[in-house]
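A.B. asks: The structure is given below, and queries will be raised subsequently.
The values are calculated or read from the model by the stated rules, or taken from the named source; none is laboratory data. Computed from a predicted structure; not experimentally measured. For neighbour counting, all protein chains shown are included, and Cβ atoms are generated from backbone atoms with ideal geometry for every residue, glycine included.
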Amino acid sequence: MALLPYALARPFLFGLDPEAAHDLTMGAIERLQHTPLACTWRQDRVDDPVTVAGLRFPNRIGLAAGLDKNGRCIDGLGDFGFGFIEVGTVTPLAQPGNPKPRMFRLTEARALINRLGFNNEGLASFLAHVQQARRFRRSGGVLGLNIGKNAATPLERAVDDYAIGLQGVYPHADYVAVNISSPNTKNLRALQTDEALDALLAPLAAQRERLAVQHGRRVPMFVKIAPDLEDDQVGLIAATLRRHGLDGVIATNTTVSRTAVAHLPHGQETGGLSGAPVFEASNRVIRQLRSELGPGFPIIGVGGVMSAADAKAKIDAGADLVQVYTGFIYSGPPLVTECARALRRPPVSG
């Protein structure tokens, strides 16, 4: 049980600029995660083990990529009760991202808009931090490492950046997430088109097979896609994932749609919209993916999970696992426990 209720901290954090609040919070978690003061946020993990993509997840609730871009807070975040944590997106070289301000709260809609742009310290720093995190994985937590391309890398050479990322993270990842769906790196979503996705995944799949032999273990590889896809695009992506032997799909990233928030302050800011407004679009993509891919193909559902009922709806739509991000910011640590409990299956009687 956490000693510091989030309800007391949230008014202060929401009184700050969103990125400043994020930096303050993550900085505190990083500094305190391996000290006795971690008890101020630590809560018991709900035990509900499930095997997906050959990995044993202690429960079905995870943290989506983007909150901890540099992998600095893995053990501290693990203390919130997550069954799995995804960190990144990391690019081969450090980059500052887009100019500030680049993150906006839309409190009335329970949403965020960000145009951060893969701001991160680069692959070498990321891997150093990942290797320092031990407690979460020792406790059975599953760690996903999310890779992307540098903004300065031309789209026609994107595969080079992803190959560098895959090579680097492979020995340290429980699974690798290939992010081709952020709206904040110019033209990145073009990699979701049929020919471009084929050209990206073919060499990455071949490289993964070589790395599996080299390291003596096969690390699952997932692709993260956008919610702003037409039905025929989702169908083509599903077919491409199967053709190249990918292990799963993460659906979805943020949306560029402003239908639900255009009337609100900051509603017209450019960037990716997350939170409650993306919930239905994400579920639509999940349902179609499940229809196209059939039973057994791993799907991680993410987008607009603001409550335990939302997490259950992701599973009902066809997801095997669920990630939170914006809901975690709005509701705090209790959301993790509430969602995990809602998804917990009754024990099998012997």
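A.B. asks: Looking at 325, 330, can you tell me which residue is of a type in the set (Phe, Trp, Tyr), surrounded by fewer than 24 Cβ atoms within 10 Å (Cβ to Cβ), closer than 15 Å to residue 62 by Cβ and under 18 Å from the mean Cα position of the chain (by Cα)?
C.D. replies: On the way: 330 fails: closer than 15 Å to residue 62 by Cβ.
That would be 325, the only listed residue that is of a type in the set (Phe, Trp, Tyr), surrounded by fewer than 24 Cβ atoms within 10 Å (Cβ to Cβ), closer than 15 Å to residue 62 by Cβ and under 18 Å from the mean Cα position of the chain (by Cα).
A.B. asks: Just to be sure I understand, how many residues within segment 217-264 are of a type in the set (Val, Ile, Thr) and in a strand (DSSP E or B)?
C.D. replies: Going through segment 217-264 one residue at a time, the tally reaches 5.
A.B. asks: Moving to a separate point now. Take segment 82-127 and flag every residue that is more than 27 Å from residue 331 (Cβ to Cβ) and hydroxyl-bearing (Ser, Thr, Tyr).
C.D. replies: 91, 125
A.B. asks: Let me ask you something else. Mind listing just one residue for me: the one in segment 31-55 that is at pLDDT below 95 and aliphatic (A, V, I, L, M) and, of those, surrounded by the most Cβ atoms within 10 Å (Cβ to Cβ)?
C.D. replies: 38
A.B. asks: Continuing with the same structure: Only one of (1) out of contact with any Pro (no Cβ under 8 Å at 6 or more places or on another chain); (2) part of a helix (DSSP H, G or I); (3) over 25 Å from residue 42 (Cα atoms) is not met by residue 285, so which one is it?
C.D. replies: (1)
A.B. asks: Another one. Give the residue, chosen from 115, 138, 102, 110, that is without any contact (Cβ under 8 Å) to a residue 60 or more places away in the chain and either touching a strand residue (DSSP E or B) at 6+ places or on another chain (Cβ under 7 Å) or on the phi < 0 side of the Ramachandran plot (or both).
C.D. replies: 138
A.B. asks: Determine if segment 188-210 includes at least one residue that is surrounded by fewer than 19 Cβ atoms within 10 Å (Cβ to Cβ), in contact with a strand residue (DSSP E or B) (Cβ under 8 Å, 6 or more places away or on another chain), more than 30 Å from residue 46 (Cβ to Cβ) and not acidic (Asp, Glu).
C.D. replies: yes
A.B. asks: When only residues in segment 163-190 that are in a loop (DSSP other than H, G, I, E, B) and either hydrophobic (A, V, I, L, M, F, W, C) or without any contact (Cβ under 8 Å) to a residue 12 or more places away in the chain (or both) count, which is nearest to residue 142 (Cα to Cα)?
C.D. replies: 173
A.B. asks: Now, a different point. For segment 29-66, enumerate the residues that are out of contact with any Asp or Glu (no Cβ under 7 Å at 6 or more places or on another chain) and among the charged types (D, E, K, R).
C.D. replies: Residues satisfying the conditions are 30, 31, 44, 45, 47, 48, 56.
A.B. asks: To continue, here is another question. Could you figure out which of (1) surrounded by fewer than 21 Cβ atoms within 10 Å (Cβ to Cβ); (2) in contact with a strand residue (DSSP E or B) (Cβ under 6 Å, 6 or more places away or on another chain); (3) in a strand (DSSP E or B) isn't true of residue 62?
C.D. replies: The one condition residue 62 does not meet is (1).
A.B. asks: Select, from 335, 293, the only residue that is without any contact (Cβ under 8 Å) to a residue 60 or more places away in the chain, closer than 26 Å to residue 261 by Cα, out of contact with any Cys (no Cβ under 9 Å at 6 or more places or on another chain) and not small (Gly, Ala, Ser). Spell out the reasoning first.
C.D. replies: Working: 293 fails: closer than 26 Å to residue 261 by Cα.
335 is the lone residue from the list that is without any contact (Cβ under 8 Å) to a residue 60 or more places away in the chain, closer than 26 Å to residue 261 by Cα, out of contact with any Cys (no Cβ under 9 Å at 6 or more places or on another chain) and not small (Gly, Ala, Ser).
A.B. asks: Same structure, new question: If you check residue 57 against the conditions, is it out of contact with any Ser or Thr (no Cβ under 8 Å at 6 or more places or on another chain) and touching a residue at least 40 places away in the same chain (Cβ under 8 Å)?
C.D. replies: no
A.B. asks: Can you tell me which residue in segment 7-30 is nearest to residue 328 (Cα to Cα), limited to those that are surrounded by 13 or more Cβ atoms within 10 Å (Cβ to Cβ) and among the charged types (D, E, K, R)?
C.D. replies: Within segment 7-30, the match that is nearest to residue 328 (Cα to Cα) is 10.
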